[in-house]
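First the structure, in the form of structure tokens, and then the observations on it.
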Amino acid sequence: MTSKQKLHLRFPLARRIEHIVLITTFIILAGTGLPQRYHDSPISAFIIKTLGGIENVYDIHHVTSVIVMIAVMYHLLTIGYQVFVLRSKWSMMIYPQDVKDGLQALLYNIGLAKTAPRMGRYTFEEKFEYWAFVWGYSVMGITGFLMWNPITATKYVPGELVPAAKAAHGGEAVLAVLAILIWHMYHVRIKRINNSMFTGFLTEEEMEEEHPLELEEIKAGTADQRPDPATLRKRKMIYYPIAAILTIIMLTGAYGYITIEDTAPNTITPITQTMEAPSQTP
């Protein structure tokens, strides 16, 4: 096997499963949310009819949003483990160097720079996309709560925020779908085929092209350095109880989010009855 064929593990199985859950839930949320926003469209009417009516669409959308909440909780706990227990680098944070890399990439693409930027674990495109995802799902979560629990929400915020939340929720959904179709698909399917989120691996040639600084750390033996077993055990003993408490708090919050009130609209089948004129009493 040549060095060009050598594979480097980029994403472990747990991270790949997390990504598949994200893809699946995103498609379902978009497929059940956009037909509600554009309900006059024939395509929307077809989707709603195929799914068994608007109540089923509501239910599927809500159940999927709960799955997303759980996935976000897991992601937060995973980040906590990596940062506190493993003391991994905050490689997804945006630093001034990422802005410089973006400018150099722009200049390189228009022919004003001789070389492309050399980047590490995550490129500036990946970082910006990740934080756009964080922002988007935060907006969707807040506006979704206002729409799902309008009576409770208006006890604490002005009622005008409920229709505003509906507009923001739908607008952010459209923006998210366009971002995936244009930005994300371009970078992982058009600019280059990147299947590492499914296979878990990149070849050394791909690493040299996309993540040369990380490849240098891997070859130098400085990438992903783990603490010694004793230190690892001590940190786990501290982190696991904290993680358990945080999990209970987050699950309680999610339970309240979805059960605090029952205000989802129901479609009532019209009942047509022949109304008889009241009898005239003499």
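The values are calculated or read from the model by the stated rules, or taken from the named source; none is laboratory data. A quick note: this is a predicted structure, and the numbers were derived from the prediction, not measured. Cβ coordinates were reconstructed from backbone atoms using ideal geometry, including for glycine residues, and neighbour counts include every protein chain displayed.
Determine, yes or no, whether residue 84 is modelled with pLDDT of 95 or more and under 26 Å from residue 138 (Cβ atoms).
Considered against the rule, which asks whether it is modelled with pLDDT of 95 or more and under 26 Å from residue 138 (Cβ atoms), residue 84 comes out as no.
Suppose we filter the stretch 224-244 for residues that are of a type in the set (Phe, Trp, Tyr) and modelled with pLDDT under 95; how many remain?
0
Table: residues versus (1) more than 30 Å from residue 90 (Cβ to Cβ); (2) surrounded by 14 or more Cβ atoms within 10 Å (Cβ to Cβ).
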| position | (1), (2) |
| --- | --- |
| 113 | no, yes |
| 120 | no, yes |
| 135 | no, no |
| 151 | yes, no |
| 154 | yes, yes |
| 168 | no, yes |
| 179 | no, yes |
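Within the stretch 245-273, how many residues are modelled with pLDDT under 55 and surrounded by 11 or more Cβ atoms within 10 Å (Cβ to Cβ)?
1
If I go through the stretch 43-61 residue by residue, how many of them are touching a residue at least 60 places away in the same chain (Cβ under 8 Å), surrounded by fewer than 16 Cβ atoms within 10 Å (Cβ to Cβ) and assigned to a helix (DSSP H, G or I)?
1
Tell me, which residue of the stretch 7-42 that is charged (D, E, K, R) and surrounded by 13 or more Cβ atoms within 10 Å (Cβ to Cβ) is nearest to residue 172 (Cα to Cα)?
Across the stretch 7-42, the extreme among qualifying residues is 37.
Name every residue in the stretch 86-132 that is in a loop (DSSP other than H, G, I, E, B) and over 26 Å from the mean Cα position of the chain (by Cα), in order of residue number.
Scanning the stretch 86-132 gives 110, 111, 112, 113, 114, 115, 116, 117, 118.
Looking at the structure I just gave you, is residue 247 of a type in the set (Ser, Thr, Tyr) and touching a helix residue (DSSP H, G or I) at 6+ places or on another chain (Cβ under 8 Å)?
Taking the combined requirement at face value, the residue satisfies it.
Against the definition (small (Gly, Ala, Ser) and farther than 26 Å from residue 174 by Cα), how does residue 80 come out, yes or no?
Yes: the conditions hold for residue 80.
If you check residue 164 against the conditions, is it without any contact (Cβ under 8 Å) to a residue 40 or more places away in the chain and within 25 Å of residue 258 (Cα to Cα)?
Judged against the criteria, residue 164 is a match.
Sort out which residues of the stretch 99-143 are closer than 23 Å to residue 225 by Cβ and among the acidic types (Asp, Glu), and write them in order of number.
Scanning the stretch 99-143 gives a single hit, 126.
Please verify whether residue 81 is assigned to a helix (DSSP H, G or I), under 22 Å from the mean Cα position of the chain (by Cα), of a type in the set (Phe, Trp, Tyr) and surrounded by 14 or more Cβ atoms within 10 Å (Cβ to Cβ), treating the condition exactly as stated.
Criteria met by residue 81.
Residue by residue through the stretch 215-244, note down the ones that are surrounded by 11 or more Cβ atoms within 10 Å (Cβ to Cβ) and of a type in the set (Ser, Thr, Tyr).
231, 239, 240 - these are the residues of the stretch 215-244 that are surrounded by 11 or more Cβ atoms within 10 Å (Cβ to Cβ) and of a type in the set (Ser, Thr, Tyr).
Collect the residues in the stretch 1-42 that are hydrophobic (A, V, I, L, M, F, W, C), outside any helix (DSSP H, G or I) and touching a residue at least 60 places away in the same chain (Cβ under 8 Å), keeping them in residue-number order.
Those that are hydrophobic (A, V, I, L, M, F, W, C), outside any helix (DSSP H, G or I) and touching a residue at least 60 places away in the same chain (Cβ under 8 Å): 7, 9, 11.
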